1. Filter region A:93-108 for residues that are part of a helix (DSSP H, G or I) and either open to solvent by 100 Å² or more (accessible area, probe 1.4 Å) or farther than 16 Å from residue B:327 by Cα (or both) and give the result.
2. Which number in (1) among the aliphatic types (A, V, I, L, M); (2) open to solvent by 10 Å² or more (accessible area, probe 1.4 Å); (3) in the same structural domain as residue B:385 (by TED's automatic domain parsing) marks the one condition that residue B:204 misses?
3. So, of the residues in region A:200-220 that are crowded, with 24+ Cβ neighbours inside 10 Å and of a type in the set (Val, Ile, Thr), which turns out to be farthest from the ligand (Cβ to nearest atom)?
4. Check A:178, A:182 and return the single one that is within 16 Å of the ligand (Cβ to nearest atom), among the β-branched types (Val, Ile, Thr) and within 10 Å of another protein chain (Cβ to nearest Cβ).
5. I need the full set of residues from region B:398-409 which are under 16 Å from residue B:258 (Cβ atoms) and either open to solvent by 10 Å² or more (accessible area, probe 1.4 Å) or within 16 Å of the ligand (Cβ to nearest atom) (or both), in order please.
6. If you check B:315, B:273, which single one turns out to be open to solvent by 10 Å² or more (accessible area, probe 1.4 Å) and within 16 Å of the ligand (Cβ to nearest atom)?
7. Which of the residues that make up region B:371-389 are in a helix (DSSP H, G or I) and within 11 Å of chain A (Cβ to nearest Cβ)?
8. Can you name every residue in region A:266-299 that is open to solvent by less than 50 Å² (accessible area, probe 1.4 Å) and of a type in the set (D, E, K, R)?
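The values are calculated or read from the model by the stated rules, or taken from the named source; none is laboratory data. The structure displayed is predicted, hence computed values, not measured ones. Here the Cβ is made from the backbone with ideal geometry for all residues, glycine too, and neighbour counts use every protein chain on show. Heads up: the accessible areas ignore ligands, DNA and RNA and are worked out on the full protein's heavy atoms, side chains in. Shrake-Rupley method; radii C 1.70, N 1.55, O 1.52, S 1.80 Å.
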Amino acid sequence: MSSAMASTSANLEPLFSFLSTSYATLEQTFNRIPGSAVIARYVKSSHQNDPGRTLLELFLAAFAIWTLLQSRTRADKDDRHFIKFTEKEIDELVNEWTPEPLAEPLSPEEQKELESVPVIVGAQGPRPKLNTGKTVLNFTGTNFTGLAGNEGIKEKAIETLRKYGLGSCGPPGFYGTVDVHVQLEHDIADFLGTEDAILYAQGYSTISSVIPAFAKRGDIIVADRGVNFAIQKGIQISRSTVRWFDHNDLKSLEDVLQGIAKERKKKKAPLTKMFIVTEGIFEKDGVMTDLPKLIELKYKYKYRLILDESISFGSVGRTGRGLTELFNVPASQVDMLVGSVANGLASCGGFCAGSKYVVYHQRINSSAFVFSASMPPLLSVSASEGVNILRNTPSILSTLQENIRTVRGILDKLDCITIPSHPASAMIHIYIRTPTPTLQIPTGSGKPSNPTSIHPRDPPTFDIETEERLLQDVVDEALAQGVLITRARRLRGQEMVEARPSIRLAVSAAFSKKECEKAANVVKAALVKVLGKRR
Amino acid sequence: MSTAASYLSAVKAADARARARGETPVATPALSFSSSVTTSSEDTILDDGEVVSSDALSYPTIPPTSEQVFSTVHTEFGHCANAEYRYTSQHPAGTPVKPHIEQDPPYYVLFTTYVSYIILILFGHVRDFTRKYFNPGEFKHLIPHDGYAPITSDFDSFYTRRLKARIDDCFSYPVTGVAGRTIVLNERKSKDYNRTFYSTGRKVRALNISSYNYLGFAQARGGCADAVEESIRRYGVSACGTRLEGGSLDLHAQAEALVARFIGQEDALICSMGFATNSTIIPALVGKGCLVVSDELNHASIRFGVRLSGANVRMFKHNDMNALEDLLKEAISQGQPKTHRPWKKILIIVEGLFSMEGTMTNLPVLLELKKKYKFYLFIDEAHSVGALGPHGRGVADYFGVDPRSIDILMGTFTKSFGAAGGYISGSKAVVDRIRVRSHSHAYAEAMTPPVLTQIIASMASIMGVAPALPTHGSTGTITKGRIVEQESPEPYPGRAPASILPSWMDLPPAMREGTEGRDRLRRLAFNSRYLSRALEKLGFIVYGHDDSPIVPLLIFNPGKMALFHRLMLQSNTPIVIVVVAYPATPLVTSRVRFCVSAAHTKADIDVVLKACDWIGDVLDLKHAPGERWSLEKITSNAVELVRMESQKHA
Ligand SMILES: Cc1ncc(COP(=O)(O)O)c(C=O)c1O
């Protein structure tokens, strides 16, 4: 009824000035009443849905604006701890102060670590050339579907380049919403079967921005102890109350959910938003979540589910739709389904799929979306083309799964290692089997872990330094035989729980069975050679 | 104004003359050559039949002469051969930086602005109230239901629903094509007061003074696009993987070496998203026990990163060096809160050019303070790199100081370079430390080859390449993840050594020689100064530095924002603008933010000025004190206006 007001407000200038005088007097009188804010709040809570409440809220808002403007530059000195110094003392203190260096130079080990990073010369793909001149079988790239280097995608990308240029030169709010972005969002939503989807310019930043867009201070997040770094950072930013459940243990999840419900009941806590945050296939070790059970729990305890499918989207399911396809669960039952366009569709960026409202909310509130330029149009079109290809070529995923089976068939038999990853995971992690079976998380000791701490009750023990060194030897050995693999690189000291050192194989549909066999055998031989020496 | 027909015939005649003389036309400094675009002029006036476009956007007002052969597409990068319309972006040596004074509007403007907000809030509440009773379905997602708390409560979302929604037609306009000098809008309308939009199917070309396309590198034709095409053929579109786990390409090493040269720092590192450059790298530099001193108007990505780092944060008043010094004195003398232990380190984070204000950081004073207070300095050059300085190297170049006196120079490629992502540069020790500690290096996808190529090509064309590109095979080798340069480099701000460019990259001569890049810089400098000063002479309140390509024009009243936007879009030559309001700015200072580009011609700026002049009268926006010029006087004395000594901020 009054929406036309915005467009005519300028023409209403005379009216404004008339209204202004009366409003100003009202406002000022109200401000002068001591404790007016308290009274207002009291009235507000006791007269819910009362017309009077609405009017008072208005004045409150005006009051808030007023005070905000008054106190724009107030120094926030903590009076209790503030020590008064004279100018001279301050100068001395300033002179005396010596800061630590901005960054310590790298230690020789760190230097070596950095130098061991392989560099590919020319195109990325299953058989790239390294800067050493060697052509290798590449089991590091997250090119699960083998779309990297696809000629059809290249042609589309070039076509798009010639129509759109490269950069979008603006955030989505300011002329950075290009039709091809809208198209890709639509394609992804349609592919997964959700109402809508939203695109981010980087896969990593997607989830760490999605979580704080929804979860705020006072909300509750229940998360897996093994979540990846991006999720940890998202949780940190959100400032929500966090409870942790044992890694990939839905029984533990249920216990935690029950505990929270009980506690909330006891405290008569007000209704807040509650989220379960976990991954489809875990980036850390490749284990897979039991999605149907997870969905059941979420409905039972009335949580919203934020599921990170950065690894599983594009690598499991009949056509690569991820866990929801694999378990035949409607994707619409996952409230926020986050995936990586970079991994799954061999382009760049990430997405979050969900209901219309969930997506709309992010368009206004998610900082990595709002405050960042949208992705280059040609990469968006490449991804759309990727969706098309996946949709129409189920053989890609069956080949991928076949390749994974081939590799696992050879490595699973080896007794100097353990493989925590799910048999369908295209990301295969390899742990060194320690002589003493400390790796297995001891169960049956009875007591559950403390849900307020990310650390499990009986953390597995391992010697990071030795294991990393051995694994690097395996990597080097495999490389000498023409197979490029990598250790899972970790930010040691920054992760909330240290991940166990592992070798990370990324299987791709672009390999032939022969190549998979060859690579697996090379890795096997390298493992046997390096780990055999150890004993 | 010339018509399309007369323009085309003039162009044809010019072409014929050139061909009759049997010479391939030479590049004037204004021009860019490209291997794929022939020099025949029809190609340079690309227009889709289906796009509604006015002649002023498709064809230059002045037909070219026989000497001038433009190879850029006029709608992407305007044709402007007049060497008068050039300027150098540089701080006059030896003069102090004048403090920026923000002009206040007359009192009645402030007053009506407040009242407008009060009315908007009042109406919003009345509507909420009635809707709750008469149409509860609409509120379902805002109130608890089935035991779930709402994602946003009706109270939290009040501002978006009742205030922002009124002007939602100004935001997220769907577009298509190149975000260059012009942009094509996929026209949309709303039948339900902005709740939903539907597409009319019409495509409308509009003058684009909104994109962060400072140097005009958003182009689908030209040397950069050609290089990108070649890179897609060679590399595909993805780097597949993180930098530390097999996603590092030779292109990364080359781009990083080039960025380090360009910025004038020892080393540099690249991240696939500008936002993430701040949000994932600041935590690698500071942590518990450190203090971050941050300008109150710093970008969201900086706040995100600082919050993740766990360091203490103090804010100081925007660009106020006295406030900063006071704060430093207090912080250093008091030490850490409660314990009073000395800070481990203090990092000051400012932006080179502030994206909402157009203000420039006071670098000379900051460096003075740095000597005394021993803090580390981090400058986010997202908007200033490429856009400022005689060589386009950013604020350090603009003020003529050694870039290495600044610890960390960060920037993004989304703006001046028409690409995506960001970089961090500094000493080798610092950058290496970031390589092993930053979140994105270990866990985020690496930058893609087409983007890397755009960065390399555009950056090299600003720098110029020395010497001529060698023949294939002799480029620098990559050892230990780094490129080893063969020749000793030219001192800063020198040209790009050819050995660090990909051997297959065949840049056209105007780009290799740096003439095209220089011309872009000089066009941008002229356009920026011209728009900002002209708007002031028209009587508008304009914020920011004269040399800033970001020109905010103050509107104040919230209702006028949408009107300004709509009127600009409906003017003879449609113009798209960006309006920003609370919470991106303080409540009262709603504004239009122009982003000038090298792709604009003087005629384009005139078009903007004309539209503003008219709208400014209609909406009563001309409140600035000082001398006023008429529109005619301004447009005919543009060069004098630009070259005038600075009067503002005196
Ligand atoms: C100061 C500043 N830093 C960082 C960014 C983020 O850059 P990008 O858009 O490339 O993510 C922006 C973009 O708006 C910015 O203005």
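1. Matches in region A:93-108: A:95, A:96, A:108.
2. (3) is the only condition that residue B:204 fails.
3. The extreme case among them is A:211.
4. Just a single option satisfies the conditions, and that option is A:178.
5. B:409, the sole residue that qualifies.
6. Residue meeting the stated conditions: B:315.
7. B:372, B:373, listed by residue number.
8. Of everything in region A:266-299, those that are open to solvent by less than 50 Å² (accessible area, probe 1.4 Å) and of a type in the set (D, E, K, R) turn out to be A:273, A:279, A:283, A:284, A:285, A:298.
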